[in-house]
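In what follows, a structure is listed as structure tokens, so that the remarks can point back to it.
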Amino acid sequence: MKEKERNIDWFQNKGKRKDLIIQFYVELENIGIKDDIGLKSYSNEDDFVFRFDENIETTINDKKLLNKIYALTSKYEKLINKTCEDCGNKIKYGGSDYFCQECYCKRSRRYNYDSIGDLGFSYYDSDLVSSNSRAFVRWNEFSKANFNIDKESIFSSGFPIEIDFKYKFPLINRDFEDYIDIQEIFSVSNWHENFYTLLKHIPDNLLDTNDQNFKYALIHHLDDCNICGYKSIYNKNLCLVCHKSGFDRVLTERMKKYYNTIEDWYKKMQLEYHSENSEFKYPKWENEFEKSKNYVKLFNEKQLEELKMAESEKYDF
Ligand SMILES: [Zn+2]
Ligand SMILES: [Zn+2]
């Protein structure tokens with residue numbers, strides 16, 4: 001069965017999802033299909049789909065059998081699209097990646113910055129063949145660091161979200177086709193863990209005065225967030241941890257339609273934040289900021305449990 005081999009081959013690097021296509025063929029053989037039927041595996045946008053040849057209905061003219069085949073393909077399409085490639089568990093929240101939250105978090109965590117100190121820091125480099133693919137870069141390999149702030153976005157925190165380090169001596173990489181690629185910049189992003197810790201450690205001599213001010217604001221001048229409870233608000237913008245705009249809010253006319261007091265609004269925001277499943281959250285910005293000493297929790301555990309329950313029911317299928 002050539003087609004079977006080809007379809008299974010399509011799942012070559014797809015971990016636990018490959019087991020499902022093998023199982024599909026066992027079930028197909030159980031209903032008597034042992035020859036090619038013109039079935040192809042491919043992906044449509046992000047979802048896996050089976051596609052039949054146009055003439056499937058002449059190849060298989062037994063209507064009952066054909067319906068059984070359709071039922072099987074649709075069953076396995078669903079299963080394949082909802083199974084985590086790494087652990088084989090059901091993916092609860094969907095999404096474009098074929099990983100459950102736990103495995104996705106594990107995979108993402110590889111990209112964190114680490115060993116941050118006076119010498120430099122380590123990062124994930126997929127080109128490295130060493131077992132953990134970690135590389136270490138020294139501050140003194142750079143001549144300058146530039147902070148990038150996303151001013152356009154409505155989600156802007158007013159704080160740098162990316163740092164471009166300029167190499168003193170550009171790296172020359174040769175790829176497998178022998179093309180030469182000159183790398184002058186090394187970038188780090190707040191989408192990877194320990195970004196803020198890294199920022200605090202950048203030697204002043206790499207930064208211009210303006211960027212030094214950001215660094216010292218991060219160390220000394222952040223405001224308390226009354227939603228997540230961290231000292232994580234820069235210059236009255238969105239919080240760097242929960243990304244909500246919780247600084248010194250007052251009740252506007254529009255808000256008065258929904259809330260009696262500003263505390264009611266804060267309470268709703270706090271509940272929303274605390275009901276998120278933080279166990280598999282990446283990046284966990286919480287780890288990089290101090291807890292606020294002035295945090296007042298406006299909800300009780302029972303209210304939180306009720307909200308979490310309602311949330312999890314929404315996703316149960
Ligand atoms: Zn998983
Ligand atoms: Zn916050």
Any idea what the relative contact order of the chain is, in percent, if you count C-alpha pairs under 8 Å spaced at least 6 apart?
11 percent
Between the helical axis of 15-30 and the dominant principal axis of the chain, each derived from Cα atoms, what acute angle in degrees is found, rounded to the nearest 10?
20 degrees
Within-15-Å neighbourhood charge of His201 [Cβ basis; K, R +1; D, E -1]:
-4
Equivalent-ellipsoid semi-axes (√(5λ), Cα gyration tensor) for segment 110-217, whole Å, largest first?
25, 16, 15
For the chain, find the longest principal axis of its Cα atoms and tell me its angle to the long axis of helix 262-275, 0 to 90°, nearest 10.
50 degrees
Fluctuation leader among Ser292, Ser156, Ser74 - the chain, Gaussian network, Cα springs under 10 angstrom
Ser74
In degrees from 0 to 90, rounded to the nearest 10, what is the angle of the helix 209-220 Cα long axis to the longest principal axis of the chain?
90 degrees
Two-site FRET efficiency, His221 against Ser131, from Cβ-Cβ distance with R₀ of 41 Å, rounded to 0.05
0.50
Got the relative contact order for segment 133-258 handy, in percent, Cα pairs under 8 Å and 6 or more residues apart?
19 percent
So what is the calculated 222 nm ellipticity per residue for the chain, using -39500 (n - 2.57) for each DSSP H run with n of 4 or more, over all residues, to the nearest 500 deg cm²/dmol?
-10500 deg cm²/dmol
Once the in-chain neighbours fewer than 8 apart are removed, the lysines whose Cα is under 26 Å from Lys2 read Lys14, Lys16, Lys18, Lys34, Lys40, Lys63, Lys64, Lys68, Lys75, Lys78
By count of other Cβ within 10 Å, fewest leading, how are Tyr196, Tyr167 ordered?
Tyr167, Tyr196
Mean separation of Cα contacts under 8 Å, 6 or more apart, over the residue count of segment 2-100: relative contact order %
28 percent
Give the shape of segment 1-88 as rounded, prolate or oblate, defined through the alpha-carbon gyration tensor: a ≥ b ≥ c are the square roots of its eigenvalues, a/c under 1.5 means rounded, and otherwise the shape is prolate if a/b is larger than b/c and oblate if not.
prolate
Let me know the whole percent of all Cα-Cα pairs from the chain that are separated by more than 29 Å.
58 percent
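Taken together, the values in this text are just the output of simple stated rules run on the coordinates, not laboratory data. What you see is a predicted model, and the numbers here were worked out from it, not measured in a lab. Quick reminder, even Gly has a Cβ in these numbers, built from the backbone with ideal geometry, and neighbours come from all protein chains shown.
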